[in-house]
Each structure stands twice: as structure tokens, then as C-alpha cells.
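Chemist: I have a structure here, written as C-alpha cells, and I will follow up with some questions on it.
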Amino acid sequence: MALQLNETAPDFEANTTQGRIRFHEWIGDSWAILFSHPRDYTPVCTTELGYVARLKGDFDKRNVKVIGLSVDPLGSHQGWAKDIEETQGHAVNFPIIADPDRKVANLYGMIHPAHDEVHTVRTVFVIDPKKKVRLFITYPQTAGRNFDEILRVIDSLQLTDRHRVATPVNWKPGEDVIIVPAVSDEEAKSKFPKGWKTLKPYLRLTPQPAESAKR
Ligand code: BEZ
């Protein structure tokens, strides 16, 4: 069965452009993004990896490590990295896994044979410091991903881990959030001192809580 939310992300050892790693050990106390691309030296992937490199400061701020993967060998990743820097203006600053025997791709269900029997589709797995899978998305090979959206979901996950809130449609950091229905109005008075707006008893909006408070 395919990997599901909140399951432990499978551990593995692999060769990467930054040396051999054991995945869980590499994640350490950070969050992680593991993402696959179909092939090196292809146009959409080139733009994606350049953009991910450009976001390094945003990932660091959120304590997120990033690692890419394709079934191409190390030498290919290394050669292609020069093209990414040249065309996208950002040097690849994260490891890329070489997975020619598809060991990791199969562990994470990254090959969808009805789409492509040999190469990985575009997957993204967000994994938390406890090594639990918190988000996965799968895109077809012809559609480049929106990594700003991945950052947005990480902001939501990190916020909702700290406070008993959920984030509404198209939420962006700084906007109002939803008090989860399991919190009574009585409890909400102490947890959300800025107050809230009740649109329905199950739909209460409150200003985004300060980052440091705990659930
Ligand atoms: C690309 O990255 O441009 C690409 C890869 C595989 C199939 C189609 C496009």
C-alpha cells in the first residue's frame, strides 16, 4: 500500500551529490523535503531545481533540509548542476540522490508505471523531525511544481503543531486562522486572548497566534 500521512518515512542509505547518507540520520532534528524529478538535463526540472536553490534562506528559517532525487547517476547530477547554475542563476545548494536501481523511488512510490515505466514522477514529501510524513503531492512530468506552496503548507504545519488552530483556504502567514472545533469557547478564552469571530459555532476565526506559544 502507498505511504500515507503520519506514517514513518522509510529510512534508506543512498549516494548523493554531497556524499553517502542514511536518510533519518541526515534529517536529524530538522524538517525535510524529499522530492523527485523525472530526469536530469530536462527543461522543467532545470527550472525547479534552480528555484529550490534560490529558496535556501526560506527553508533555513523554517529549519527545513531539502534533498532531490532522480534515477540518474551521480556524474549526471554533477554535470547538470552546472547548467542549473548557468541558466537559473542559483547554484544547487542541496544534495541530490542518485537512485539508478530505483531503491528509494520504489520505497516512496515515486514511479507510476502508467505514466512512465522507468522515470520518477514529480513527488514532494514533507517529513517532520519525528520522521513522520506530513504532506505528499504528486505532479505529472510536464507540470513544474509550485515550491512557494510547499513553503506555505510547511508554515501551516508548523503553526498548527504549536496551536490548536487550522488554516483556511488560501491562507497565508499573518492572516486569520480557524480555532479547531475540539476547543470549547470556554477554553478558547484563555488560548486565544485576542478573541475570535464566530461565523458558525464550528467556524471561529482568530488572529494568527504568536509563534512561541504552545498548544
Ligand atoms: C522536464 O523536466 O522538462 C520534463 C521531464 C520529463 C518529461 C517531460 C518534461
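The values are calculated or read from the model by the stated rules, or taken from the named source; none is laboratory data. All figures in this text were calculated on a predicted structure; none of them were measured in a lab. Note that each Cβ is placed from the backbone with ideal geometry, even for glycine, and that neighbours are counted across all protein chains shown. Surface areas here come from the heavy atoms of the whole protein model, side chains and all, with no ligands, DNA or RNA. Shrake-Rupley method; radii C 1.70, N 1.55, O 1.52, S 1.80 Å.
Chemist: Mind checking whether some residue in segment 46-59 is more than 18 Å from the chain's Cα centre (by Cα) and either modelled with pLDDT of 95 or more or within 16 Å of the ligand (Cβ to nearest atom) (or both)?
Modeler: Yes, segment 46-59 contains a residue that is more than 18 Å from the chain's Cα centre (by Cα) and either modelled with pLDDT of 95 or more or within 16 Å of the ligand (Cβ to nearest atom) (or both).
Chemist: When you go through (1) among the aliphatic types (A, V, I, L, M); (2) open to solvent by 50 Å² or more (accessible area, probe 1.4 Å); (3) touching a strand residue (DSSP E or B) at 6+ places or on another chain (Cβ under 7 Å) one by one for Leu135, which number turns out not to apply?
Modeler: Only one criterion is unmet by Leu135, namely (2).
Chemist: Does segment 112-132 hold any residues that are surrounded by 13 or more Cβ atoms within 10 Å (Cβ to Cβ), within 13 Å of the ligand (Cβ to nearest atom) and more than 19 Å from Ala53 (Cα to Cα), and which are they?
Modeler: Residues satisfying the conditions are His112, His115, Asp116, His119, Thr120, Val121.
Chemist: Moving on. For segment 1-45, which residues satisfy the criterion of being within 16 Å of the ligand (Cβ to nearest atom) and open to solvent by less than 40 Å² (accessible area, probe 1.4 Å)?
Modeler: Hits for segment 1-45 are Phe35, Ser36, His37, Pro38, Asp40, Thr42, Cys45.
Chemist: Name the one entry in Val177, Val118 that is more than 18 Å from the chain's Cα centre (by Cα) and either farther than 28 Å from Phe35 by Cα or at pLDDT below 95 (or both).
Modeler: Val177
Chemist: Do any strands (runs of 3 or more DSSP E) lying entirely in segment 121-208 carry at least 1 residues that are of a type in the set (Lys, Arg) and more than 30 Å from Asp29 (Cβ to Cβ), and which ones are they?
Modeler: Correct list: 197-200, 203-206.
Chemist: Of all residues being assigned to a strand (DSSP E or B) and either within 16 Å of the ligand (Cβ to nearest atom) or surrounded by fewer than 16 Cβ atoms within 10 Å (Cβ to Cβ) (or both) in segment 60-86, which is farthest from the chain's Cα centre (by Cα)? Just the residue, please.
Modeler: The extreme case among them is Ser70.
Chemist: Next question, about the same structure. Kindly provide the set of residues from segment 149-171 that are in contact (Cβ under 8 Å) with a residue 12 or more places away in the chain and under 10 Å from the mean Cα position of the chain (by Cα), ordered by number.
Modeler: Ile150, Leu151, Arg152, Val153, Ile154
Chemist: Which residues, counting only those in segment 1-39, are more than 18 Å from Phe59 (Cα to Cα), in a loop (DSSP other than H, G, I, E, B) and of a type in the set (Gly, Ala, Ser)?
Modeler: Matches in segment 1-39: Ala2, Ala9.
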